[in-house]
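Novice: Just passing along the structure, written as structure tokens.
Just so it is clear, none of the values below were taken in a lab; they were calculated from the coordinates. In this text the structure is predicted, and so the values were computed from the model without any measurement. Methodologically, a virtual Cβ is constructed for each residue, glycine included, from the backbone with ideal geometry; neighbour enumeration extends over all protein chains shown.
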Amino acid sequence: MEDASATLLFAAAWSWELAIKHSIGHLTLPEPPERHLPSRIRSSQVTPVGVDHAHARRLFLDRSPAPALSWPPMDAALVGTLAVAILLIAALYSAVGHGGASGYLAAMALFGLAPEVMKPTALALNVLVSGLALWRFSRAEGFAWRTFALFAATSVPMAFVGGRVLPPERLYLALISVALIVAALRLLLRAPAADAQGAARRVPAGPGLAWGGGIGFLSGLTGVGGGIFLHPLLQITGWVSPRRAAAVVAAFVLVNSLAGLAGYWSSLRTIPVAIAVWAPAALAGGLVGTGLGARRFGTAALQRTLAVVLLLAATRLGIGAAT
């Protein structure tokens, strides 16, 4: 501004527009809009221009349509494209007992969605898909209750704590990048076929509780359910027979995702509106994937393809975290 005496005005409609863009993932803010916008208005020394009752009465008398949270055409295409990706990811992940959070995060990262959208979306979809996987696999193979209880005893409270934390954007992107790399390796480095009928060893209480707490915190912090960390651990240690691992992982993902989502909700209380479109897609994919997985459907080629997508997304997020 060349004229230092001029009064700077900030219309309430601008706050409304910024909040909408933030809610659908097109605008990244360092903190939730309800805290960020008032602080910026104060620090910038602008004069807010509000909407009063006269404006509301005029809107009613004119019979004008009330503003609503909706997507422009490009945004509708984005939501639809992500719905298709979520359906395919849910089908593939649920076939091995996972909820698919790392895949959802990868898809959302490739489309440039904000962390505030990515985290609660991945956790909510994880709850739906892992619940289906638990139901299908526990019926088909039985359930290792002691192993699950040992890990869940510490993972659930730590997932709640992690869910309350929204780290700085660069740190969050770096954490998600690492999680996606772990997920890709999990898909590429599968357990040897010779172990398929191996006998399970009893989980030591100390290591089980320690691993559960660590994985639970990472699950809530990043928005993954923890299956990408627990499944390879169970395979390496032999703490659960391979035929029962899918059910244990599904239950672990379910309780961690619920705890992480509860922690996030208690802190920020925001859920992206697009979840109404993405949730049915995840359920449909989960129904297909769990049905195929329970019958030992071969998905090696699809898993390798997804691993490449995860690595591409991890690279993109890593670059974003570094710049």
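Novice: Sorted by packing (mean other beta-carbon atoms within 10 Å per residue), highest first, where do 125-132, 83-90 land?
Specialist: Values: 125-132: 27.0, 83-90: 22.4.
Descending packing order for the listed peptides: 125-132, 83-90.
Novice: Expected output is a single nm value to one decimal: the length gained when fully extending between Thr47 and Leu188, i.e. 0.36 nm times separation in residues minus the C-alpha distance. What is it? Don't skip to the end; give the middle numbers.
Specialist: Numbers: separation 141, 0.36 × 141 = 50.76 nm, distance 5.65 nm.
Once the chain is fully extended between Thr47 and Leu188, it gains 45.1 nm.
Novice: If packing is taken as the average count of other Cβ atoms within 10 Å, what order do 146-152, 115-121, 97-103 fall into, highest mean first? Intermediate results must be reported in sequence, preceding the final value.
Specialist: Working: 146-152: 20.6, 115-121: 24.7, 97-103: 33.3.
Answer by packing, highest mean first, reads 97-103, 115-121, 146-152.
Novice: Also, I was wondering about something else. Highest mean first, what order results for 273-281, 154-162 on Cβ atoms within 10 Å? Could the numbers behind the result be given before it?
Specialist: On the way: 273-281: 17.6, 154-162: 22.7.
In descending order of packing, they fall as 154-162, 273-281.
Novice: List the residues, sorted by chain then number, that are 5 or more residues from Phe10 or on another chain and whose placed amide H is less than 5 Å from its amide H.
Specialist: Placed amide hydrogens put Thr47, Val49 under 5 Å from Phe10.
Novice: Something else now. In what sequence do Tyr93, Tyr172 fall when counting other Cβ within 10 Å, fewest first? Spell out each step's value before the answer.
Specialist: Details: Tyr93 35, Tyr172 22.
Fewest-to-most ranking of Tyr93, Tyr172: Tyr172, Tyr93.
Novice: Rounded, prolate or oblate: which fits segment 71-173, taking a ≥ b ≥ c as square roots of the Cα gyration tensor eigenvalues, rounded meaning a/c under 1.5, else prolate when a/b beats b/c?
Specialist: Details: a/c = 3.11, a/b = 1.41, b/c = 2.21.
Oblate.
Novice: Return the sequence-ordered ³J(HN,Hα) values of segment 223-229 in whole Hz as given by the Karplus equation 6.51 cos²θ - 1.76 cosθ + 1.60 applied to θ = phi - 60°, using x for Gly and Pro.
Specialist: x, 8, x, x, x, 5, 9
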